[in-house]
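Down below is the structure, laid out as C-alpha cells.
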Amino acid sequence: MNLHEYQSKRIFAQYGVPVPQGEVATTPEQVRDIAVRMGKPVVVKAQVLVGGRGKAGGIKLAKTPDEAEEVARQILGMNLKGLTVRKVLVDPAVDIRSEIYLGAVIDRAQRRVVMMASSEGGVDIEEVAARSPEKIVKVPVDPFLGLREYQARWMAHAIGLDKAYYRPFARIAQALYNAFIESDASLAEINPLVVTGEGDLLAVDGKMVIDDNALFRHPDIEEMRDVEAEDPFELEARKYGISYVKLDGEIGCMVNGAGLAMATMDIIKLYGGNPANFLDIGGGATAERVAAALRIILSDPNVKAVLINIFGGITRCDEVARGILAAMDEVKPEVPFVVRLIGTNQEEGQRLLAEAKMETATTLAEAAQKVVALVNP
C-alpha cells in the first residue's frame, strides 16, 4: 500500500522527523486560504502516487496567495501519468542550501533492513545508482539492536555532511528507521532531506510503502488507502480475498495457488501466448469467489481467451465448475474458455462442464496449447 507524501510526512513527524507544517487542500480557494494563514511563499504539490511530479508540472512555487490559488487551478484536475490530481499539499517554501537522500528499505539478500543515504538528494535514487553508485552509502541494521547512533553518524560522514549536522542527522535517521519498523513498511524515504538557510535539517518530501500483509495491525494506516489511485480490478479482487495482478497479455488465467499460477503463466509463455493477469483464487474457493474472479478477468478488454487451471485439494472441482457456469450466466462472455480440473470431485466438475459444452483438457500442457491456439490460430 502506497502512502501520499502528506500521509508519509505525518507518520514521520510522529517519530520526531522535522517536516514542514503543511496543509492539504482540494480546491483553489482552500489553497489561497492556507497561503494567507501561512503569510509567506508556499509550494503547491500534487498528491498522486507517482514519481516525477515536479518534472510533470505537479509542483509549483507561489509567492502570494493569489498566485497560490492560480497554480492550484493548474494542478488540481491535471492528469499526471494516468492519475487525476484531486488534492494538493501546501507547504511553506523553504530556503534550500543542499539536498540529501535518506531511506530505509528491506534488502532480501541480507534479510534485514538497510539504511541508505546519498549527497545526491532531490533525484530518484535509481538514477543516482545508475549514474554515481559510489555516492550511495548503505548500512545494514541488526534487527535486534536497531540503527545505532554511531552507524547514522558514519553515514553522515560518508556523504560529506558538515560535522555540525551529525547529531541531528543521526536523530532523523533513527526516527525514520523506527517509523519504518513500527509501521511495517517495505520502504520509507526522505527525498530530499534539506539543509535550510537557517541551518536546520528538514524533510521536505517523504514516501512510504506499507506491507499489505501487515495492515491488520494498523487500522489507522489502512484508513489512509487511496482507492481512487488503485486498479479497480485489484480492489474488487481484494474484496473477495483474491490475489490479482493485471498484466499486458491476452490470455486470462484463473488458478488456485500462487505457485501453480506462476507455472501456468510460464507454460502459456512456453507455447507462445501471453498471460493477461496473475490470479490466485486461493484454497477452498467457493462458487461465489470463482464467479467474482471470472468477472474480474473478463472486465479486461485485452482478454481474448481464458485458461482455468484448478488443482482440487482443499478446493472442490465441482464448486469451481458451478462458479464458472454461474459467471457465464451473469457475464455472458464473448471469449472462449479452456478448463483443466483435477483433484477432489473432478468427475462431477468435468461432468458439469461437459454438459455446458465447455472446452476441457486433462493436462496443463494440453490446456496451454489449446488456449494459445484459440488466440493465435
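The values are calculated or read from the model by the stated rules, or taken from the named source; none is laboratory data. All values reported here derive from a predicted model rather than from experimental measurement. Neighbour counts are summed over all protein chains in view; Cβ atoms, including those assigned to glycine, are modelled from backbone coordinates with ideal geometry. Heavy atoms of the whole protein, side chains included, go into the accessibility calculation; ligands, DNA and RNA do not. Shrake-Rupley method; radii C 1.70, N 1.55, O 1.52, S 1.80 Å.
With a ≥ b ≥ c taken as the square roots of the eigenvalues of the C-alpha gyration tensor of segment 87-209, please select rounded if a/c is under 1.5 and otherwise prolate if a/b is larger than b/c or oblate if it is not?
Cα axes put segment 87-209 in the rounded bin.
Considering only protein heavy atoms, what per residue accessible area in square angstrom results for segment 24-115 with a 1.4 angstrom probe?
Values: 4670 Å² over 92 residues.
Value returned for segment 24-115: 51 Å² of accessible area per residue.
Using the crude model of +1 on Lys and Arg Cβ and -1 on Asp and Glu Cβ, and no other charge, please compute the dipole size for segment 300-348 relative to its Cα centre, in debye to 20.
160 debye
Determine the percent antiparallel among the DSSP beta bridges restricted to the chain, to the nearest 5.
75 percent
Calculate what fraction, in whole %, of the accessible area of segment 328-373 sits on carbon and sulfur atoms when a 1.4 Å probe is rolled over the protein chains.
Whole-percent figure for carbon plus sulfur exposure: 49.
So how strong a dipole does the chain carry about its Cα centre when Lys and Arg Cβ are +1 and Asp and Glu Cβ are -1, to the nearest 20 debye? Don't skip to the end; give the middle numbers.
Values: 43 positive and 53 negative charges, 132 e Å.
Approximately 640 debye in magnitude.
For segment 145-221, what is the accessible area per residue in Å² when the probe is 1.4 Å?
On the way: 3540 Å² over 77 residues.
Per residue, segment 145-221 has an accessible area of 46 Å².
Given H placed 1.01 Å from N in the peptide plane, which residues other than close sequence neighbours of G312 have an amide H under 5 Å from its amide H?
Amide H neighbours of G312, under 5 Å, 5+ apart: I342, G343, T344.
With runs of 4+ DSSP H residues as the only contributors, calculate the mean residue ellipticity of the chain at 222 nm using -39,500 (n - 2.57) per run, divided by the residue total and rounded to the nearest 500.
So the calculated ellipticity at 222 nm is -11000 deg cm²/dmol.
Evaluated at 37 °C with a viscosity of 0.692 mPa s, what Stokes-Einstein diffusion coefficient in µm²/s does the chain have when Rh comes from the Kirkwood expression over alpha-carbon pairs?
139 µm²/s
Whenever you get a sec, line up M208, M1 from highest to lowest accessible area (probe 1.4 Å, protein heavy atoms).
M1, M208
Sorting T315, T362 by accessible area (1.4 Å probe), largest first, what list results?
Of T315, T362, the descending order of accessible area is T362, T315.
Anything over 29 Å Cα to Cα? Flag those among K81/K370; K246/K370; K55/K304; K9/K135; K138/K207; K135/K163, in the order listed.
Check vs 29 Å cut-off fails for K81/K370; K55/K304.
In the chain, with Lys and Arg counted as +1 and Asp and Glu as -1 at Cβ, which of these residues, Q174, V88, A327, has the Cα nearest the positive end of the dipole, that is, farthest along it?
Q174
Taking the alpha-carbon distance from K63 and a cut-off under 17 Å, which lysines remain once sequence neighbours fewer than 8 residues away in the same chain are dropped?
The reachable lysines, counting only those whose Cα sits under 17 Å from K63, are K40, K45.
May I ask you to give the percent of accessible area on segment 136-209 that is carbon plus sulfur, with a probe radius of 1.4 Å?
50 percent
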